[in-house]
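The values are calculated or read from the model by the stated rules, or taken from the named source; none is laboratory data. Here the structure is a predicted model, which is why all the values come from computation and not from measurement. Cβ atoms come from the backbone with ideal geometry, glycine included; neighbour counts cover every protein chain shown.
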Amino acid sequence: MSRGQEMGLKIAVLTVSDTRTTQTDTSGQYLVDSLTSAGHILAGREIVIDDLYRIRACLSNWIAIPEVEVVLVTGGTGFTTRDSTPEAVVPLLDASIEGFGELFRQLSFEEIGTSTVQSRALAGFANKTLIVCMPGSTGACRTAWEKILLEQLNSDHRPCNFAELIRGGHH
């Protein structure tokens, strides 16, 4: 966290998986470690099975309370029959951030080639809470964090960043 960022954002981490536990959730743990080392505050952490309504229930709870300003979701963004994160999240959004998914896939292309077209990574705002959905692999979470989110969640990043929008309420 840079000098000008007075207080970190309150960020919750949701892992969507039918098989992971707290001990085996390397992607969720990566996000927790990364956000705290960047000076943000862990506001909650859950692992839910890839079920449309359980995902929505967890997200709805978090976006309804001011103690959560950002939710990072990992998992469930592919095309298998068990991947329902986008279907769960999109109806909750007040505004979509198309640029997140576009940029994530562009950056991911450099790492995994055309397989990136199978990622339905997305982001948007729901009740003034930023929700960011990324694939379940730790590598994908690292790409999203290091190449997009670290800067966009820093209020000092210019010319613009999501931290200002979240704290300023302009979304």
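Whenever a residue of segment 111-124 is within 15 Å of GLY136 (Cα to Cα), its partners that are outside any strand (DSSP E or B) and among the small types (Gly, Ala, Ser), lying with C-beta atoms within less than 6 angstrom and at least six residues away or across chains, give the pairs THR116/SER108; GLN118/GLY78; ALA121/GLY101; LEU122/GLY101.
In segment 126-171, which residues are among the aromatic types (Phe, Trp, Tyr) and within 21 Å of GLU111 (Cα to Cα)? Residue satisfying the conditions is TRP145 alone.
Of all the numbered requirements in (1) crowded, with 19+ Cβ neighbours inside 10 Å; (2) within 18 Å of VAL48 (Cβ to Cβ), SER119 misses one, and that requirement is (2). Evaluate segment 69-79: report whether one residue or more is out of contact with any helix residue (DSSP H, G or I) (no Cβ under 8 Å at 6 or more places or on another chain) and free of Cβ contacts under 8 Å to residues at least 60 places away in the same chain. No, because not a single residue in segment 69-79 is out of contact with any helix residue (DSSP H, G or I) (no Cβ under 8 Å at 6 or more places or on another chain) and free of Cβ contacts under 8 Å to residues at least 60 places away in the same chain. Annotation: of all residues in segment 14-37 being within 14 Å of ALA144 (Cα to Cα) and of a type in the set (A, V, I, L, M, F, W, C), the one that is surrounded by the fewest Cβ atoms within 10 Å (Cβ to Cβ) is VAL32. Scanning segment 66-86 for residues that are of a type in the set (D, E, K, R), at pLDDT below 95 and surrounded by 13 or more Cβ atoms within 10 Å (Cβ to Cβ) yields ARG82, ASP83.
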